[in-house]
Every structure is written in structure tokens, then in C-alpha cells.
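Everything below concerns the one structure shown next.
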Amino acid sequence: VGRNLTSTLELNPLLNLILSSAVEILQCEAGSLFLIDPQTDELVFEVVTGPVASDLVGKRLPAGKGMAGQAVETGEPVIANDARRRKEWFNVPDQQTGFTTQDLLAVPMKIKDRTLGVIEVINKQDGQPFLNEDQEILVTFASQAAIAIENARLYTLTDQALNARVEELSVMQRIDRELNTSLDIQNALEITLGWAMRQSN
């Protein structure tokens, strides 16, 4: 799984791989992967797996809400067996989907001092509660996942910068061709000014 994570540089397939692997490793019924919106600090359901997964994708949790919000605020994993009895329980997702959460394990994905999001797995298939051993496995996995997400984001930024530079060079080449076809100084000045205005908006 670790090798697959580090070799996947596109963000969406990577997020799907992270969550499906976490759910499979811990043999759970469902799971969610949240990323933090840096503008609002809300947690965004990026990937959801389970019986009613599509109902939650794109929805948001207010900052600090639920077990996932608690994991972000404290920077620590949260085991919530019999989750609905906890005061931090945020039942809106269950109400929206009709899914029943019994037990829950939420682990923040951190890189250095920064939290990128949360992996949350729900209800072990054998009906057993989550144990400290489960938490340790998911914490280790979440560390690998955070590095892979950061690498994918950096790759995307580099790719976008490269595309912008290629486009810039392509424009310069077109300007050069237009200027070289015109031997009239007035026409050359108009071409130069026109391109300068378009490029600078």
C-alpha cells in the first residue's frame, strides 16, 4: 500500500486509494476522508466509502464539529466506540444518509505541524470495538498518506507552473513570428503594444 501511495501523483485517485486501503486494512463497513479547506477551516468530505457514500461527497463539516473536528483541533486520534453517546457526536451525516454509526476511529493526517485532513473509519465488520492497536495502525498509515497527498499537491503545482511557462513561450514565439513578418515600423509597434496589452490584461 505504501508503494502504491507514493507512486500515485494525481490527487483524486490518491485520495480514493488512501480511503479504500484504510477501510480494507481495518476491515470496516465505511469510511470518510476529509481535507481541510484552508479558507474556512471546514472539513470537506472528499472521498466516502460505504453503503451511502455518494450522499456525502462535497459536503462540509463546520470547524471543530464531530470526531473528525476533534481530531483536527487536538491533533490526536479519536476512538469513539458507541459514538452516538459521546457529547462530541455530530449526527448530521447519519441523518442525511440513513447510515448508522456505531463505532468510529478518526485520525488526523499531519505533515510536520500542519494537519491536511482526517481519515475516519466506521464500524468494524466483525462488530468489535476499535482498539489501541487499530489506532496505531491507522496513525502509521495516516502519516504515509499525508506525505503522499503533499507530494501530489506539489507535483500538481509544478505541473501547472510548467504548463504556464510553456504557454508563455508559445505566446512569445507567436509574437516573434508576427513581428518578423512586418517590415513596417508602425505596424511592428502596433503588434507589440497589442500583445503587451493582451498579456497584461
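The values are calculated or read from the model by the stated rules, or taken from the named source; none is laboratory data. Quick caveat: nothing in here was measured; it's all calculated off a predicted structure. Methodologically, a virtual Cβ is constructed for each residue, glycine included, from the backbone with ideal geometry; neighbour enumeration extends over all protein chains shown. For accessibility, only protein heavy atoms count, side chains too; no ligands or nucleic acids. Shrake-Rupley method; radii C 1.70, N 1.55, O 1.52, S 1.80 Å.
The number of residues in segment 2-24 that are surrounded by 15 or more Cβ atoms within 10 Å (Cβ to Cβ) and either farther than 17 Å from T140 by Cα or of a type outside the set (S, T, N, Q) (or both) comes to 12.
Screening P77 against (1) in contact with a strand residue (DSSP E or B) (Cβ under 6 Å, 6 or more places away or on another chain); (2) at pLDDT below 85 leaves a single unmet condition, (2). The residue of segment 129-178 that is surrounded by the most Cβ atoms within 10 Å (Cβ to Cβ), among those that are closer than 26 Å to M109 by Cα and charged (D, E, K, R), is D134. L33 fulfils the conditions (1) within 17 Å of N123 (Cβ to Cβ); (2) in contact (Cβ under 8 Å) with a residue 24 or more places away in the chain; (3) out of contact with any Asp or Glu (no Cβ under 9 Å at 6 or more places or on another chain) except for a single criterion, (3).
Hey, does segment 182-200 have a residue that's out of contact with any His (no Cβ under 6 Å at 6 or more places or on another chain), surrounded by 11 or more Cβ atoms within 10 Å (Cβ to Cβ), at pLDDT 80 or above and of a type in the set (K, R)? Scanning segment 182-200 turns up no residue that is out of contact with any His (no Cβ under 6 Å at 6 or more places or on another chain), surrounded by 11 or more Cβ atoms within 10 Å (Cβ to Cβ), at pLDDT 80 or above and of a type in the set (K, R). Checked against the criterion of being within 24 Å of G66 (Cβ to Cβ) and open to solvent by 80 Å² or more (accessible area, probe 1.4 Å), the candidates D113, D126 yield just one match: D113. The requirement of being open to solvent by less than 40 Å² (accessible area, probe 1.4 Å) and either aromatic (F, W, Y) or within 22 Å of P129 (Cα to Cα) (or both) is fulfilled nowhere in segment 54-65; no residue meets it.
Quick check on A161: is it modelled with pLDDT of 80 or more and within 38 Å of the chain's Cα centre (by Cα)? No. Here is the figure for segment 48-71: residues that are touching a Gly at 6+ places or on another chain (Cβ under 8 Å) and touching a residue at least 24 places away in the same chain (Cβ under 8 Å) total 6.
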